[in-house]
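K.L.:
Structure in structure tokens, see below.
Bear in mind these aren't lab numbers, they're just calculated from the coordinates by the rules spelled out. It should be emphasised that the depicted structure is a prediction, and the values quoted were computed from it without experimental measurement. Neighbour counts run over all protein chains shown; Cβ positions are idealised from the backbone, glycine included.
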Amino acid sequence: MAARRILLGITGGIAAYKSAELVRLLKKAGHSVRVVMTAGAEAFITPLTFQALSGEPVRTSLLDPEAESGMGHIELAKWADQVVIAPASADFIARLAQGMADDLLATLCSATEAPIAVVPAMNQAMWGNHRTQRNIRLLEEDPQISIWGPDRGEQACGDVGAGRMLEPVELAGLIEQSGDTGPLAGRRVVITAGPTREPIDPVRYISNHSSGKMGYALAEAARDAGADVVLVSGPVNLTAPAGVEVRTVETAEDMLRVSSSAVDEGCDVFIASAAVADYRPETCAGDKIKKTSQEMALPLVRNPDTLATIAARDNPPFTVGFAAETADVEKYALDKLQRKKLRMIVANDVSVPGLGFNSENNAVTVFWPEGRESFGPDSKRQIAGHLMALIRNHLEAAG
Ligand code: PMT
């Protein structure tokens, strides 16, 4: 990974303490980091902390004769090859959206040609406020600017919702990816995740226990490896990973349509981790079905198979399937590998309590025509990292 020059802007918010860990991670990865703080940031954490961690003087003021006699603000703007504003407060986002240059950090953002990543952190009501959202939309339209996050969860003020700053380790991953330095840089990866829902009537559906966690972990691992990632996701209760394009679907038929068009747009690797319903009700009742008899039969018809359809293309991407089995795992996985003409299959014994469906952890055995490798039990994020490394090795071996 190439060493980069990262200008880290810190604005006023309690999440400023997390940026200290970010500096530590970036330095550990070999990058040069220079920190600029707004007056609001200094109310939460001292410049001395960042000076100690970055090994560089911290800049806080635009009109500082001493600092300007050294590396002046224009030089600093030119020095950076990536600007990251973390945390970015609602106030700073508003000033950036207006192109203001009323303090050192805002001035640097006006003067730099480097990409600027804005990492919002604020109370959930402030994040949801229509004026903040209008400013975010303005920034999203700006080709120099990316918005990373925010995350959902419990906030320092006790509220729960969207507005938490991304964790330092995730930000460090995004910074690596933004430098196009990862092992999958330049590759486009399409991943399916989560369950599908097959409607019976307006209020009922057939589905399964997939939470989407495995697929979302794969998307993060692919992103951290530098890939351009599209995540085709069934209905789940997870936050979209920063830097990943999520396209939501409901049914197996949607899954095929949306995945096919994502692959049409260019795809080097296709990974199907979704638990797609094999059958759907033959018809979806227009009104809620009433309980008129003791028994009822629901005629089902086969759904299209997204994985098999994509693998059967004339010039398919490197296609990886999953096999969730409760018995004869290896036999069924190998059968799917051959029948669906896959490059790899990830076999998941979903009969083991605490692993597989709707859990944090997993254990898998990956099969390909000439070999196999097992990973876990481990967190889905760790397993995803191992899988991505294995896929990369196979891609490289294939040339
Ligand atoms: O979502 P989590 O809670 O994190 O759980 C993860 C998981 C257990 C769902 C995941 O690790 C997993 O095993 N996914 C595959 C589940 C599955 O439906 O397997 P399958 O053996 O029925 O299908 C085989 C393969 O064909 C899968 O890659 C599946 O995505 C694909 N398929 C199946 C049917 C269909 N109509 N279209 C498909 O693309």
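K.L.:
About its Cα centre, what dipole magnitude does segment 5-177 give when the only charges are +1 on Lys and Arg Cβ and -1 on Asp and Glu Cβ, stated in debye to the nearest 20?
P.N.:
With Lys and Arg at +1 and Asp and Glu at -1, about 240 debye.
K.L.:
Quick one: net charge around residue 265, please, counting Lys, Arg +1 and Asp, Glu -1 for every other residue with C-beta under 15 Å from its C-beta.
P.N.:
Taking every Cβ under 15 Å from that of residue 265, the sum is +1.
K.L.:
Can you give me the angle between helix 213-224 and the longest principal axis of the chain, using Cα atoms only, in degrees from 0 to 90, rounded to the nearest 10?
P.N.:
40
K.L.:
Can I ask one more? Using the beta-carbon distance between residue 290 and residue 110 and R0 = 41 Å, what value does 1/(1 + (r/R0)^6) give for FRET efficiency, to the nearest 0.05?
P.N.:
E between residue 290 and residue 110, to the nearest 0.05, is 0.05.
K.L.:
Oh, and also: Modelled label-to-label distance, residue 328 and residue 152, 7 Å Cα→beta-carbon offset: nm?
P.N.:
Distance between the two pseudo-spin positions: 4.0 nm.
K.L.:
Now, a different point. Which GluC sites (Glu not before Pro) in segment 93-201 sit in a loop by DSSP (not H, G, I, E or B) and have at most 11 other Cβ atoms within 10 Å of their own Cβ?
P.N.:
Sites meeting the loop and neighbour criteria: 113, 141.
K.L.:
Another question, if that's okay. Roughly speaking, what is the centre-to-centre gap between segment 47-116 and segment 340-371 when only Cα atoms are used, to the nearest Å?
P.N.:
47
K.L.:
Something else about it: What do the square roots of 5 times the Cα gyration tensor eigenvalues come to for segment 210-286, in whole Å, largest first, as semi-axes of the equivalent ellipsoid?
P.N.:
Listed largest to smallest, the semi-axes of segment 210-286 are 24, 14, 10 Å.
K.L.:
Same structure again: I'd like the orientation of helix 252-264 relative to the chain: the angle between its Cα long axis and the longest Cα principal axis, in ° from 0 to 90, rounded to 10.
P.N.:
50
K.L.:
Additional query: Which residue, 78, 290, 331, has the most motion in a Gaussian network model of the chain that connects Cα atoms within less than 10 Å?
P.N.:
Largest GNM mean-square fluctuation: 290.
K.L.:
Would you list 214, 126 from fewest to most Cβ contacts within 10 Å?
P.N.:
Ordered from fewest to most neighbouring Cβ atoms within 10 Å, 214, 126 come out as 126, 214.
K.L.:
Can you tell me how much longer the chain between residue 338 and residue 368 gets when fully stretched, taken as 0.36 nm per residue apart minus their C-alpha distance, in nm with one decimal?
P.N.:
Here the segment from residue 338 to residue 368 would lengthen by 9.9 nm.
K.L.:
Determine Rg/Rh for segment 291-399; Rg is computed over alpha-carbon atoms and Rh is the Kirkwood hydrodynamic estimate from the same atoms.
P.N.:
1.08
K.L.:
From zero outward in steps of 5 Å, how is the percent of C-alpha pairs of segment 5-177 spread across the bins?
P.N.:
Final binned percentages: 1, 9, 19, 23, 22, 15, 7, 2, 0, 0.
K.L.:
Any idea how far the Cα center of segment 195-243 sits from the one of segment 268-300, in Å?
P.N.:
Segment 195-243 and segment 268-300 have Cα centres spaced 19 Å from each other.
K.L.:
Also, quick follow-up: What's the exposure ranking of 109, 284, 157, 267, going from fewest to most Cβ atoms within 10 Å?
P.N.:
Fewest to most other Cβ atoms nearby, the residues stand as 157, 284, 267, 109.
K.L.:
Hey, if you put +1 on the Cβ of every Lys and Arg and -1 on every Asp and Glu Cβ in the chain, which of 155, 384, 132 ends up farthest toward the positive end of that dipole?
P.N.:
Checked the options; the winner is 384.
K.L.:
Quote the charge dipole size of the chain about the Cα centre in Debye, to the nearest 20; the model charges only the Cβ of Lys and Arg (+1) and of Asp and Glu (-1).
P.N.:
Roughly 560 debye for the chain.
K.L.:
While we're looking at this one, here's another question. Using the 10 angstrom Cβ neighbour count as an exposure proxy, how do 380, 341 rank, fewest first?
P.N.:
The most exposed by this proxy come first: 341, 380.
K.L.:
Let me know the Kirkwood hydrodynamic radius for segment 1-103, please, with Cα pairs as the basis and the value in Å to one decimal.
P.N.:
Every distinct Cα pair counted, the radius reaches 13.9 Å.
K.L.:
Still on this structure: If you build a Gaussian network model of the chain, linking Cα atoms that sit under 10 Å apart, which residue out of 100, 388, 296 swings the most?
P.N.:
Answer for the Gaussian network model of the chain: 296.
K.L.:
Convex hull volume of the Cα atoms in segment 320-380, per residue, in Å³?
P.N.:
For segment 320-380, the hull spanned by Cα atoms encloses 70 Å³ per residue.
K.L.:
Kindly provide the pair-distance distribution of segment 188-397 built from C-alpha pairs, with 10 Å bins from 0 and whole-percent values in order of increasing distance.
P.N.:
Result, from short to long distances: 9, 35, 37, 14, 5, 1, 0 percent.
K.L.:
Right, here's the next one. Could you tell me how many cubic angstrom of Cα convex hull volume the chain has per residue?
P.N.:
171
K.L.:
Right, next: Can you tell me the orientation of helix 16-28 relative to the chain, as the angle in degrees between its alpha-carbon axis and the longest Cα principal axis, to the nearest 10?
P.N.:
The answer is roughly 80 degrees.
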